[in-house]
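The structure appears below as structure tokens.
Taken together, the values in this text are just the output of simple stated rules run on the coordinates, not laboratory data. These numbers come from a predicted model, not from an experiment. Heads up, the Cβs are rebuilt from the backbone with ideal geometry, glycines too, and the neighbour counts pull from every protein chain shown.
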């Protein structure tokens, strides 16, 4: 039996109070452990505006992949340099939801993400990227980056069926109610869009098929970027869970050995794990 893949989940800060990172970290840790191939350690960073951040020295090199559930505006340069070196030398990175809002002025971080939103991003951050007539395209016109409407279920469309993360997944599948990010901007270098979702203008959408799942490279490192996963309900979706587990394995090793679960969602029906949603105390207390 192969040795487990060593994973760091990095958390500790979110710019928005409604991103309940202690709960979302716990759910993601459970999902990875349920896959049976990961050894997961949670590392909580001090707030980026605290004096403790100067001495924060995570041992990235001990892990094959870092799952980023962390949204901070900036880091000290030595800490940024350390993480850049980890990635250039073959580290793995998984960027989850609002983590792509972080570090607007860190060029390497924006290149790792491919796309990001909010925190003052505009045309200098790079063009907006979206699918048009079945092809990835971009728009460099100025305007703020990042928008979403109400948290509603939406249909995902697989765009790279032969990528290891997506192999065996259906062409279309429903995701749980979540923030559908649109109008993200970024350099888009070395980026493959794995799946998109239609951003409905009736729900503050862009009217485009927006990138939801992406695979990127940075030096020798691999990155899986999912814009999904706002809260416990979104994280409990079997579609999120499956792509998150597979994306983490790919970022760490370059391959995917996990099978697609039988309860993977259909094109018009969501599928979720109630036990994961109930890890949010508010959901557990209300029984829904």
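Summary table below
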{"item": "Pairwise Cα inverse-distance average, inverted: Kirkwood Rh of the stretch 5-286 (Å)", "result": "18.6"}
{"item": "Ratio Rg/Rh [Cα only; Rh per Kirkwood] for the stretch 121-209", "result": "0.97"}
{"item": "Mean ellipticity per residue at 222 nm, deg cm²/dmol - from DSSP H runs of n ≥ 4 across the chain, formula -39500 (n - 2.57)", "result": "-6500 deg cm²/dmol"}
{"item": "Calculated Rg and Dmax of the stretch 61-130 using C-alpha coordinates, Å", "result": "12.1, 37"}
{"item": "Mean shadow area of the stretch 241-288 over all directions, Cα convex hull, nm²", "result": "4.6"}
{"item": "Chain lengthening between residue 217 and residue 43 when straightened (0.36 nm per residue, less Cα-Cα)", "result": "60.3 nm"}
{"item": "Sorted peptide list for 248-260, 83-95, criterion being average Cβ within 10 angstrom, highest first", "result": "83-95, 248-260"}
{"item": "Paramagnetic label zone (point 7 Å from Cα along Cα-to-C-beta, residue 259; backbone N under 15 Å) in the stretch 142-174", "result": "168-169"}
{"item": "Sorted by Cβ neighbour density within 10 Å, fewest at the top, the residues 165, 9, 53", "result": "53, 9, 165"}
